[in-house]
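Report on the following structure.
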Amino acid sequence: MLRVEEKQEPVTFSAELTAKMADVVSRYPEGKQKAGLLPILHLVQAEYGWVSAPAMDAVADYLSIQPIEVYEVATFYTMFLMRPQGKYLLEVCRTGPCCLVGAEKIMDYIEQKLGVKEGEVTPDGLFSWRGVECLAACGFGPVLQIGPEYTFYENLTAEKVDTLIADLTAKAKN
Amino acid sequence: MGRKLLLEHINVPGINTFDVYRSKGGYAAVEKALKTLTPDEIVEEVKKSGLRGRGGAGFPTGMKWSFLAKPEGKARYLVCNGDESEPGTFKDRYLMTYIPHLLIEGMIISSFALGANVSYIYVRGEMMPQIRILEKAIAEAKAKGFLGKNILGTGYDLELYVQPGGGAYICGEETALIESLEGKRGNPRIKPPFPAIAGLWGCPTVVNNVESIAAVVPIIRDGGEEYAKIGIGRSTGTKLISAGGNLVKPGIYEIDLGLPVEEFLYSDEYCGGIANGKRLKAVVAGGSSVPILPANLFLKTAALAPRLMSYESLSDGGFATGTMMGSGGFIAFDEDQCIVRNTWNFTRFYHHESCGQCSPCREGTGWMEKVLHRLEYGHGKMSDMDLLVDVSKKIEGNTICPLGDAAAWPVASAIRHFRDEFEWHVTNPSAALAGNFGLAHYADPLPAPEPVA
Ligand SMILES: Cc1cc2nc3c(=O)[nH]c(=O)nc-3n(C[C@H](O)[C@H](O)[C@H](O)COP(=O)(O)O)c2cc1C
Ligand code: SF4
Ligand code: FES
């Protein structure tokens, strides 16, 4: 859960991020800039890996809305991460149709392979994982996604998980 | 082999680009609509086509469009619903990934018909790759003069934007989607007023599913009457079915409505039968929200007529012996699947996704989840089944939005048709933990119906 009292240092958005935020806001009529909140939270999360309270305050400031309007939205939507995660967050679908084709086994396997429970981060800071709800890929389950680009990995098997984790570990080292 | 109206060119290399899409006759329907038809004539064609909303409710699209209020001096909006979060449904993602210009083309025609000059495609946030694909397609269409100011010299202006969601099933509900698009929590609104009167930023708004909007393209290209020739009765045209679960060939199929379910399930052209040589135990025909049916009642109606993939045939028998077309999220369960576990899983989903505004939904889904959990894990009581039905009845119809019903129906139908299996969990808790009830009698031939006097 978000604990606003644990505020870190204020954040300042880069010029590049601010330009992207301005582009978002240009999509709505005059005075309706609040509509940019979700797209902007995605941009912020892609930049920092999660959404901190100071980042939300800066978003509120940018959109000329109250901080609470950002907090209540960021905590409603499951995609916004309220605390730092591993560099790679493996989000595995845990909903019915994927379970018919082995999603629960894959989650058990990932837990055992990474040696951390759902929501925890590996000691090297590289990985965390969690179950998420139906990802609209039910015919290709089990399936997982990895942000911030939300790349999909479908028809998962233990071997595919091994390869994926090995590849990502190698990628992080380079 | 049915006709393909949406997926005809899906395997053409480069069909995701403007040029290839255009070379296959793409955007001709936009030219026809903007240059030769009035907005009212387009609405008329869509009415004639008989197209029913492909997002789940099956409401006639042309009729929905004709309800749109047109007050002077107020903007009107078309919002495309690409939230696709109903478990079992994965057709819109496919369409947006592989043939994005079909959706863009449909959005241009539909926006013109509704008099919208700014339209949004709301796509669930997890579909970031699809959002990028759509944005690229929009930029291409704009560069070619199909979007922006004075489209094709007709004087019609349209801007199209893609809006990401944040991972909340409830934002598929049209008023929650509008709230979300406005930058708020996805809490459904109390209706009335309906979005057609007061939707996005209080302006008249139409919300339509991705597939519904895509279907407008062949309707305008060939005419509404041509479209209505496909299908059966009030189920006209083609429908994308997302087929998942224990099938030989899971995937997305475009079928003519009216295809016999047996053919859809077992023919090599479609699902190819049940995976691993197993037998079919149950089917959820239209996404997790619709009632589950045992194999025997799914393949045949209670009157022993072959069941068809159409709105009417799937709902034949009402909730007693039928189900619904829903979103076309088709989930097949083989003989090894446990109905109790699946019902618990679905209920956990609805509890997780409830927005929490109404107590019957917020609390009721939580109670049902708990009771189903104890049944699944060997601590159930014989009275639990009646308790579940009771709770489901108290949710149904007593909430702001249909998520409550969507959570109640799977539980009520599972107990209606699979009560033996639930009872077996109570009487054999350790066996139920180690194995499962199997196919039992759920595929046995149905008894002959009572003769009608
Ligand atoms: C809880 C809930 C979730 C829904 N999810 C979706 C969805 O993901 N996609 C969709 O198109 N419609 C969804 N709907 C239906 C929409 O509210 C709306 O009826 C639909 O988008 C209208 O489009 P159509 O008439 O073209 O089908 C959902 C409805 C409810 C109650
Ligand atoms: S029925 Fe459930 S999801 Fe719908 S408004 Fe009420 S609490 Fe929210
Ligand atoms: S159930 Fe896993 S993607 Fe739909």
*Of the criteria (1) in a helix (DSSP H, G or I); (2) within 16 Å of ligand 3 (Cβ to nearest atom); (3) crowded, with 24+ Cβ neighbours inside 10 Å, which one B:Arg348 fails*: (3)
*Residues located in the range B:167-197, provided they are in contact with a Lys or Arg (Cβ under 9 Å, 6 or more places away or on another chain) and either modelled with pLDDT under 95 or more than 14 Å from ligand 1 (Cβ to nearest atom) (or both)*: B:Glu182, B:Gly183, B:Lys184
*Determine if the range B:100-115 includes at least one residue that is within 14 Å of chain A (Cβ to nearest Cβ) and either of a type in the set (Phe, Trp, Tyr) or crowded, with 24+ Cβ neighbours inside 10 Å (or both).*
no
*So which residues in the range B:128-181 are charged (D, E, K, R) and more than 13 Å from chain A (Cβ to nearest Cβ), if there are any at all?*
B:Lys136, B:Glu140, B:Lys142, B:Lys144, B:Lys149, B:Asp157, B:Glu173, B:Glu174
*Could you tell me which numbered condition B:Val207 fails, if it satisfies all but one of (1) outside the structural domain of B:Gly50 (by TED's automatic domain parsing); (2) assigned to a strand (DSSP E or B)?*
(1)
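To keep it simple, each residue is scored yes or no on (1) buried (at least 23 other Cβ atoms within 10 Å of the Cβ); (2) touching a residue at least 24 places away in the same chain (Cβ under 8 Å); (3) of a type in the set (Ser, Thr, Tyr); (4) assigned by TED's automatic domain parsing to the domain that holds B:Ser85.
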site: B:Glu376; (1), (2), (3), (4): no, yes, no, no
site: B:Asp384; (1), (2), (3), (4): no, yes, no, no
site: B:Leu387; (1), (2), (3), (4): no, no, no, no
site: B:Ser392; (1), (2), (3), (4): yes, yes, yes, no
site: B:Gly397; (1), (2), (3), (4): no, no, no, no
site: B:Ala406; (1), (2), (3), (4): yes, yes, no, no
site: B:Ala414; (1), (2), (3), (4): yes, yes, no, no
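Would you list the helices (runs of 4 or more DSSP H) that sit entirely within the range A:92-174 and hold 1 or more residues that are surrounded by fewer than 19 Cβ atoms within 10 Å (Cβ to Cβ) and touching a Leu at 6+ places or on another chain (Cβ under 8 Å)? Break it down into steps so the answer makes sense when it comes.
On the way: elements: A:96-100, A:103-114, A:158-173.
Helices (runs of 4 or more DSSP H) meeting the threshold: A:158-173.
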*asked:* Filter the range B:313-342 down to the residues that are among the β-branched types (Val, Ile, Thr) and within 9 Å of chain A (Cβ to nearest Cβ) and list them by number.
replied: B:Ile331
*Of everything in the range B:37-68 that's among the aromatic types (Phe, Trp, Tyr) and more than 14 Å from the chain's Cα centre (by Cα), which residue is farthest from ligand 3 (Cβ to nearest atom)?*
B:Phe67
*Go through the residues of the range A:64-79 one by one and say whether even a single one is in contact with a Leu (Cβ under 9 Å, 6 or more places away or on another chain), polar (S, T, N, Q) and on the phi < 0 side of the Ramachandran plot.*
yes
*asked:* Just to be sure I understand the filter: pairs with C-beta atoms under 7 Å, separated by 6 or more residues or on different chains, first member in the range A:100-116 and within 14 Å of chain B (Cβ to nearest Cβ) and free of Cβ contacts under 8 Å to residues at least 60 places away in the same chain, second member of a type in the set (A, V, I, L, M, F, W, C) and not in a loop (DSSP other than H, G, I, E, B). Which pairs pass?
replied: A:Leu100/B:Phe333; A:Ala103/A:Val92; A:Ala103/A:Cys93; A:Met107/A:Val92
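The values are calculated or read from the model by the stated rules, or taken from the named source; none is laboratory data. Quantities reported herein were computed from a predicted structural model and do not represent experimental measurements. Using ideal geometry, Cβ is built from the backbone for each residue, glycine included, and neighbour counts are taken over all protein chains shown.
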